[in-house]
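To keep things clear, I will list the structure first and then write my remarks on it.
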Amino acid sequence: MPTTLPLAALLTGSHAHSIVFSPEIRRELAGLCSLKVDAVTPDDLSVHAEGLRDAEFLFTSWGAPKLNAGNLALMPKLRAVFYAAGSIKGIVTDEFWARNIPISSAWAANAVPVTEFTFAQIILGLKQVHRFPGLARVARTKAWPAGYEGVGAFGTTVGLVSLGQIGRRVAQMLRQLDVKVLAYDPFCPPHVAQELGVTLVSLEEVFTRSRVVSLHAPWLKETEGLITGALLASMPAGGTFINTARGAIVNESEMIAVLQARPDLTAVLDVTWPEPAPADSPLYDLANVFLTPHIAGSGQGECGRMARYMINEYHRFLHGEPLQWSVSRDAAARMA
């Protein structure tokens, strides 16, 4: 007698359906469960009511359906949700939490490319590559840019704001370098910082003592505008500020004023607020701003890692093992 596969649904936005759940991943998933629904999320999930009625598991990602009362009513047998993306804030509701359905998120998988991007930018910041984007051109003319001092990593200080999943990963990667690492995180236990080789200090000290500061705090009401112009202005000459977190955590108008007054400082911004920045924003024209369009996180081939994390979670659930990446209601409230 063949074993009956669990019944599941795969519902995502069109972008995620093609790059997170690639054809290869979907074929693998189809061998692990019976996909009653495999579709780009419609505006009205009721068009898939028949298939959703018996679905026990929901695999989803960017563009996920809102798990509100109406959509949940279409999935009365739902046992678990596997979200192959980061924060679940945009899809969970009070009605969802009331049903006590486990939900896992691939936020840790998405942290991997952000960490890699940040580590690269820190090294480039210590070498002041962002401040002198014409280095490659002047090298070909055997020139030397005025004011260039590529300090490098040895003996320098790097500051991290927040030691969450990404901040901790960055701290671990920085152990490869001969740098001192300072961090501000009022919620990080001292023993964790010690294990990471990080010294916990005040937010003010992170900026006054660090050649490069990298922001990794979550976007919460309490963190909006956390990074002020005064903090940025206190950075040492030639300092670099990196933001791969969220633009709203920075007081952008104050940051712009400081960057205009301090051409020796550099801001590496993968995020802004709003996003993208308004067409008339000075960020586009300031020579000491290195602006990228929110590319630090998972993109193209990297997105498959998020699906892989959730397939592994599904295996754990089926075998009665503890879920590694489950998200509680309290944890969801603290996520970026």
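Computed from the coordinates by the stated procedures, all read-outs in this text should not be read as laboratory data. Values in this document were obtained by computation on a predicted structure and should not be read as measured data. Note: ideal-geometry Cβ built from the backbone for every residue, glycine included; neighbour counts use all protein chains shown.
Structure values in brief
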read-out	value
Taking R99, R79, R209 and counting other C-beta atoms within 10 Å, the order from fewest to most	R99, R79, R209
Extension reserve of the R308-W97 stretch, reckoned as 0.36 nm per residue once the Cα distance is removed	73.5 nm
For the range 1-138, diffusion coefficient by Stokes-Einstein and Kirkwood Rh (Cα), 20 °C, 1.002 mPa s, µm²/s	126
Whole-Hz ³J(HN,Hα) from phi, Karplus 6.51 cos²θ - 1.76 cosθ + 1.60, for the range 68-73, glycine and proline x	9, 4, x, 5, 5, 4
Rg ratio (alpha-carbon, reference 2.2 N^0.38 Å) - the range 110-291	0.99
Efficiency of FRET between E204 and R262 - r from beta-carbon atoms, R0 22 angstrom, step 0.05	0.80
Rounded, prolate or oblate (a/c below 1.5 giving rounded, otherwise prolate when a/b exceeds b/c) for the chain by Cα gyration tensor	prolate
Cα shape, the range 1-79, gyration tensor, a/c 1.5 rule	oblate
Fewest-first ranking of W325, W97, using other Cβ atoms within 10 Å as the exposure measure	W97, W325
Neighbourhood charge, 13 Å Cβ-Cβ cut-off, centred on L196 and excluding it, Lys, Arg +1 and Asp, Glu -1	+2
Axial C-alpha extent at least 15 Å, average Kyte-Doolittle at least 1.0 - helices from the chain (DSSP)	107-126
Reachable lysines, given that their alpha-carbon falls under 17 Å from the alpha-carbon of K127 and they are not under 8 places away in the same chain	K180
I19, I101 arranged by Cβ crowding within 10 Å, fewest neighbours leading	I101, I19
Separation of alpha-carbon centers, the range 5-69 and the range 176-213, rounded to whole Å	42
